[in-house]
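> The structure under discussion is supplied below as structure tokens; questions concerning it will follow.
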Amino acid sequence: MELYETKSALRTALPDLRAGGTLGLVPTMGYLHEGHLALARAARAACDRVIASIYVNPTQFGDAEDLAKYPRDTDRDLALLRAEGVDAVFLPDPESMYHPQAQTIVETTDLAGRLMGALRPGHFRGVATVVTKLFNLIQPDRAFFGEKDYQQLLVIRTMVRDLDMPVEIIGVPTQRAPDGLALSSRNVRLNPAQRAAAPVLAASLARAESLLRADPQTPVEALQAEIEAHLATEPLSCTESVDIQDAATLADLSGPLALPAVILLAVRFEPVLLIDQRVVSPA
Ligand code: PAF
């Protein structure tokens with residue numbers, strides 16, 4: 001597995017990397033878990049060559065403390081990627097990724113301010129900007145993102161559509177622990193009691209889906225109230241948001257479902273914010 005630690009090393013190697021056939025990119029911020037490895041496996045299955053990037057992107061963190069606390073374990077990450085048969089890793093020096101006077105941003109103006117974007121202003125602008133930089137640097141044919149970060153996936157798909165970026169975006173289903181908790185690097189920051197309580201997110205999504213199956217006419221408002229009530233049964237959790245939106249546009253919905261909807265949860269286990277999502281369809 002090749003390791004490129006500078007943009008210029010990557011640029012030099014790129015013609016060879018691209019000559020090997022289709023190139024798949026798995027962008028990550030490191031501290032890899034099973035969810036990332038599922039992205040690597042999906043890329044391995046769909047592309048001739050696979051490159052992963054490991055870069056903790058400062059522009060998508062609102063809080064410097066959150067950035068400093070973000071877990072890192074590069075040696076382990078590299079060993080895991082090697083074991084998955086990844087061909088190359090781009091691991092840029094944190095200081096070299098952005099020009100010191102960088103002033104150009106990429107923003108999906110409507111999507112970036114909705115939902116999670118309203119809770120974390122600037123987050124999706126940071127994601128769209130760094131992903132654009134990675135696409136420009138690596139020029140992948142396909143790029144792989146988890147469906148768990150549903151809004152991020154929509155932001156990236158929208159950006160690629162709007163800016164005619166020549167890359168295919170592949171969404172990979174959420175990987176879960178046996179108790180249902182969606183895998184995330186943030187999970188290691190939960191204390192044991194919080195970790196035991198955190199599957200309440202997945203359980204409330206499953207409950208919403210079975211309510212809808214039992215009565216497809218259940219209005220969105222009633223579904224939302226049921227989910228909030230279920231989350232509130234877990235005293236360690238603090239619900240930040242429960243949103244039921246049009247799955248394709250994230251537009252608001254009301255009344256019985258006529259279109260596929262996505263249920264998006266943001267629940268805090270102080271100080272860690274967990275998210276989860278599920279797409280539900282009318283009968
Ligand atoms: O999902 C992530 O890990 C990050 O948001 C990404 C896409 C690697 C951009 O920094």
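The values are calculated or read from the model by the stated rules, or taken from the named source; none is laboratory data. As the structure is a prediction and not an experimental result, all values here were calculated from the model. Cβ sites come from the backbone with ideal geometry, for glycine too, and all protein chains shown count toward neighbours. Each accessible area value is taken on the protein alone, full model and side chains, heavy atoms only, with ligands, DNA and RNA left out. Shrake-Rupley method; radii C 1.70, N 1.55, O 1.52, S 1.80 Å.
> Among Arg49, Arg44, which is the only one that is of a type in the set (Lys, Arg), surrounded by 13 or more Cβ atoms within 10 Å (Cβ to Cβ) and in contact with a helix residue (DSSP H, G or I) (Cβ under 7 Å, 6 or more places away or on another chain)?
That would be Arg49, the only listed residue that is of a type in the set (Lys, Arg), surrounded by 13 or more Cβ atoms within 10 Å (Cβ to Cβ) and in contact with a helix residue (DSSP H, G or I) (Cβ under 7 Å, 6 or more places away or on another chain).
> Which one is farthest from the chain's Cα centre (by Cα) among residues in segment 229-257 that are within 25 Å of Val172 (Cα to Cα) and open to solvent by 40 Å² or more (accessible area, probe 1.4 Å)?
Asp252
> Pairs under 7 Å by beta carbon, first residue over 19 Å from Ser53 (Cα atoms) and without any contact (Cβ under 8 Å) to a residue 12 or more places away in the chain in segment 143-157, partner hydroxyl-bearing (Ser, Thr, Tyr) and within 11 Å of the ligand (Cβ to nearest atom), six or more apart or different chains?
none
> OK, next. Can you tell me which residue among Arg213, Arg157 is open to solvent by 60 Å² or more (accessible area, probe 1.4 Å), over 22 Å from Ala42 (Cα atoms) and either part of a helix (DSSP H, G or I) or of a type in the set (Gly, Ala, Ser) (or both)?
Arg213
> Within segment 67-83, identify whether any single residue is within 15 Å of the ligand (Cβ to nearest atom), within 21 Å of Met116 (Cβ to Cβ) and of a type in the set (A, V, I, L, M), and answer yes or no.
Yes: segment 67-83 contains one or more residues that are within 15 Å of the ligand (Cβ to nearest atom), within 21 Å of Met116 (Cβ to Cβ) and of a type in the set (A, V, I, L, M).
> Of all residues in segment 223-263, which are at pLDDT 95 or above, part of a loop (DSSP other than H, G, I, E, B) and of a type in the set (S, T, N, Q)?
Thr233, Ser237, Ser254 - these are the residues of segment 223-263 that are at pLDDT 95 or above, part of a loop (DSSP other than H, G, I, E, B) and of a type in the set (S, T, N, Q).
> Being near the ligand (Cβ under 10 Å from one of its atoms), part of a helix (DSSP H, G or I) and closer than 18 Å to Leu137 by Cα is true for just one of Thr12, Thr59. Which residue is that?
Going through Thr12, Thr59 in turn, the sole match is Thr59.
> Looking at segment 110-137, which of its residues are more than 12 Å from the ligand (Cβ to nearest atom) and in contact (Cβ under 8 Å) with a residue 40 or more places away in the chain?
Hits for segment 110-137 are Leu111, Ala112, Arg114, Leu115, Leu119, Pro121, Gly122, Leu137.
> Shifting gears a bit: Within segment 40-48, is even one residue within 16 Å of the ligand (Cβ to nearest atom), closer than 23 Å to Ile275 by Cα and of a type outside the set (Lys, Arg)?
Scanning segment 40-48 turns up at least one residue that is within 16 Å of the ligand (Cβ to nearest atom), closer than 23 Å to Ile275 by Cα and of a type outside the set (Lys, Arg).
> Across segment 185-210, what is the number of residues that are modelled with pLDDT under 95 and outside any helix (DSSP H, G or I)?
Counting residues in segment 185-210 that are modelled with pLDDT under 95 and outside any helix (DSSP H, G or I) gives 0.
> Of everything in segment 264-283, what is open to solvent by 30 Å² or more (accessible area, probe 1.4 Å) and part of a strand (DSSP E or B)? Give them in sequence order.
Arg268, Ile275, Arg278, Val279
> Looking only at segment 161-184, decide whether some residue is part of a helix (DSSP H, G or I) and either modelled with pLDDT under 95 or open to solvent by less than 60 Å² (accessible area, probe 1.4 Å) (or both).
Checked segment 161-184: no residue is part of a helix (DSSP H, G or I) and either modelled with pLDDT under 95 or open to solvent by less than 60 Å² (accessible area, probe 1.4 Å) (or both).
> Sticking with this one: Which one of the conditions (1) in a helix (DSSP H, G or I); (2) out of contact with any helix residue (DSSP H, G or I) (no Cβ under 7 Å at 6 or more places or on another chain); (3) open to solvent by 30 Å² or more (accessible area, probe 1.4 Å); (4) closer than 23 Å to Lys148 by Cβ does Asp75 fail to meet, given that it meets all the rest?
(4)
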